[in-house]
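The values are calculated or read from the model by the stated rules, or taken from the named source; none is laboratory data. Everything numeric in this text was worked out from a predicted model, so none of it was measured. Virtual Cβ from ideal backbone geometry, glycine too; neighbours counted across all protein chains shown.
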Amino acid sequence: MTARVVDRNNKDPSVFALAINELASGRSNATGSVTLTVSAGSTTVSNANFATTSHVAFTPLTSNAAAEWKNGTMYVSARSKGSFTITHANNSQSDRSFTYGIQG
């Protein structure tokens with residue numbers, strides 16, 4: 001679920017209160033999903049909210065994704081403003097899908 005973004009020129013306190021309540025309820029614009037690239041050793045993820053100092057937490061959505069995570073072959077290998085690269089096993093599985101959250 002995404003959080004409301006309030007225009008800086010908005011003067012209505014109720015709009016700000018709603019946005020703050022959404023954040024307090026767990027909504028965030030710093031989330032996404034990714035499926036690891038088939039037959040490749042890395043996948044690049046673009047997300048405008050990612051910074052070079054951000055932390056990324058992954059949740060596997062399939063058994064093959066969980067196996068990739070458990071095997072320790074998946075890690076964030078490069079960071080830049082607006083994107084990060086995941087290094088992972090090179091195989092033909094097309095369902096290594098994850099959701100992710102960004103902090104910082």
Practice item. Mind telling me which of the residues Ala78, Ala30 ends up being small (Gly, Ala, Ser), surrounded by 12 or more Cβ atoms within 10 Å (Cβ to Cβ) and touching a residue at least 60 places away in the same chain (Cβ under 8 Å)? Key: Ala30
Practice item. Test Leu18 against the stated conditions and say whether it is farther than 14 Å from Phe98 by Cβ and either surrounded by 13 or more Cβ atoms within 10 Å (Cβ to Cβ) or at pLDDT below 80 (or both). Key: yes
Check your understanding: Take the residues of segment 81-104 that are loosely packed, with under 15 Cβ neighbours inside 10 Å and among the charged types (D, E, K, R): which is nearest to the chain's Cα centre (by Cα)?
Key -> Lys81
Check your understanding: Which pairs have Cβ atoms under 6 Å, sit 6 or more apart or on different chains, and link a residue in segment 34-45 that is at positive phi to one that is assigned to a loop (DSSP other than H, G, I, E, B)?
Key -> Ser39/Ser92
**Study point:** Candidate set: segment 53-80, residues that are within 16 Å of the chain's Cα centre (by Cα) and of a type in the set (S, T, N, Q); chosen: the one nearest to Asn29 (Cα to Cα)
**Key:** Ser54
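Working only within segment 32-57, note down all residues that are of a type in the set (Val, Ile, Thr) and out of contact with any strand residue (DSSP E or B) (no Cβ under 7 Å at 6 or more places or on another chain).
Applying the first criterion (of a type in the set (Val, Ile, Thr)) to segment 32-57 yields 34-35, 37-38, 43-45, 52-53, 56.
Once the filter is applied, which keeps residues that are of a type in the set (Val, Ile, Thr) and out of contact with any strand residue (DSSP E or B) (no Cβ under 7 Å at 6 or more places or on another chain), segment 32-57 yields Val38, Thr53.
Given Thr52, Thr73, Thr37, which one is out of contact with any Phe, Trp or Tyr (no Cβ under 6 Å at 6 or more places or on another chain), in a loop (DSSP other than H, G, I, E, B) and loosely packed, with under 13 Cβ neighbours inside 10 Å?
Numbers: Thr73 fails: loosely packed, with under 13 Cβ neighbours inside 10 Å; Thr37 fails: loosely packed, with under 13 Cβ neighbours inside 10 Å.
Exactly one residue qualifies, and that residue is Thr52.
So which of Ile102, Ile86 ends up being touching a Leu at 6+ places or on another chain (Cβ under 9 Å), hydrophobic (A, V, I, L, M, F, W, C) and outside any loop (DSSP other than H, G, I, E, B)? First the steps, then the outcome.
Details: Ile102 fails: touching a Leu at 6+ places or on another chain (Cβ under 9 Å).
Every option except Ile86 fails the conditions.
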